[in-house]
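Single-structure report; data block below.
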Amino acid sequence: MFHKIAILGAGTMGSGLAQLFARFGIPVVLYDPDRQALDKAQEAIARSSRLHIREWPNEGEAWERVSSLLRLTDEMKEAVQGADLILEAGPENIAIKREIYKAIAPFLGADALVASNTSSLALEALAEGQPFGERFVIAHFFNPALLVPLVEIVKLPGTRTDLAGRLIDVLVHCGKEPVVLKKDCPGFIANRLQAAVLREACHLLASGVADAEQIDRAMKEGPGLRWAINGPFEITDFGGLDIWEKVAGNLFPTLDNGLTAPEPIRDNVHNGKLGVKSGSGFYDYGDGHSRVSTVERRDRNFMHLIKLKRELKST
Ligand SMILES: NC(=O)c1ccc[n+]([C@@H]2O[C@H](COP(=O)([O-])OP(=O)(O)OC[C@H]3O[C@@H](n4cnc5c(N)ncnc54)[C@H](O)[C@@H]3O)[C@@H](O)[C@H]2O)c1
């Protein structure tokens, strides 16, 4: 078990991670250089804790302890000193991440483990030149970090196995499903799979085959439902490998193989449409109040699905 966890970056992921570990009884310090980000994180955590108490009243006591186990700070030293796990959830920019690693180095204890929540960078690139290279892993959580069970773990051949093992034990204690990769690979397993789907979804949208709502509906009512229960290889086995040999052979030459972020995403970003956090993206989310309701609805749906998956697992 870890005695103090420092989370660096209080954005979408950092706030969820802080809430997760505090919910499971571990003292957490959440750091961000931006006071406004800390205020927003505190509000989001309080809101989400209330939702959990409403939806899962039998866990109420653990949720009520969250605020006493969680401290927020804009002082790096206060966050990192004495922490035995430091989880970096700063922006997805290697230069900023390296600045963060440089800033934490003087305060790190000899047995402290550093984990990055990067979505797309390779561990080797992140660890290059770091004095804590043998105590450095990727622990890739999914949004919402509190609810999605999967955490992908990447180690290097020289990673200290005792510390990586400790992280895995804590994740299991927090109800997570860690998957340890056999080797370093940017995007890991699940983000590469998601990115492949997103590239093709954008291709269908940009080619005028369907609009965003139709593409989302097709996914939710078809593959998405299957993927909650079976992975791609199980699905191929059920369908028949002879069929999939033909399907893949016919379709692959027609699939998008672009090497840049897709145009529909680039256009939206260019126009300041960043998704729920800015009020619009592929859809409109209205004012601050309706954005909060959108996130709550998403979390409530996840909670129902998780309950169902737990029931399925126990049968
Ligand atoms: N959003 C997702 O769905 C998701 C999922 C999995 C992993 N990730 C990864 O997690 C990381 C964080 O993503 P996010 O979506 O929470 O981003 P975000 O933009 O919501 O939050 C990033 C936070 O980092 C803070 N920050 C900036 N400079 C910093 C510094 N020097 N030290 C510490 N914090 C600093 C910002 O103020 C901001 O609050 C990224 O690496 C991202 O790729 C994101």
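The values are calculated or read from the model by the stated rules, or taken from the named source; none is laboratory data. Predicted, not measured: the structure shown is a model, and the values here were computed from it. What goes into the accessible areas is simple: the full protein's heavy atoms, side chains included, and nothing from ligands, DNA or RNA. Shrake-Rupley method; radii C 1.70, N 1.55, O 1.52, S 1.80 Å.
Numerical summary
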quantity: The range 132-189 - percent relative contact order, Cα under 8 Å, separation 6 or more; calculated: 37 percent
quantity: Vicinal HN-Hα couplings computed from phi for the range 16-31 (Karplus, 6.51 cos²θ - 1.76 cosθ + 1.60; Hz; Gly/Pro x); calculated: x, 5, 4, 5, 4, 5, 5, 4, 9, x, 9, x, 10, 10, 9, 10
quantity: Leu251 - accessible surface, heavy atoms, 1.4 Å probe, Å² rounded to 10; calculated: 80 Å²
quantity: Cross-link pairs Lys97/Lys273; Lys4/Lys220; Lys97/Lys220; Lys77/Lys273; Lys183/Lys277; Lys40/Lys155 - those with Cα-Cα distance over 28 Å; calculated: Lys4/Lys220; Lys97/Lys220; Lys77/Lys273; Lys183/Lys277; Lys40/Lys155
quantity: Euclidean distance of C-alpha centroids, the range 41-104 and the range 184-231, integer Å; calculated: 30 Å
quantity: Candidates Gln42, Gln19, Gln130, ranked by Gaussian network fluctuation over the chain, Cα under 10 Å, top entry; calculated: Gln130
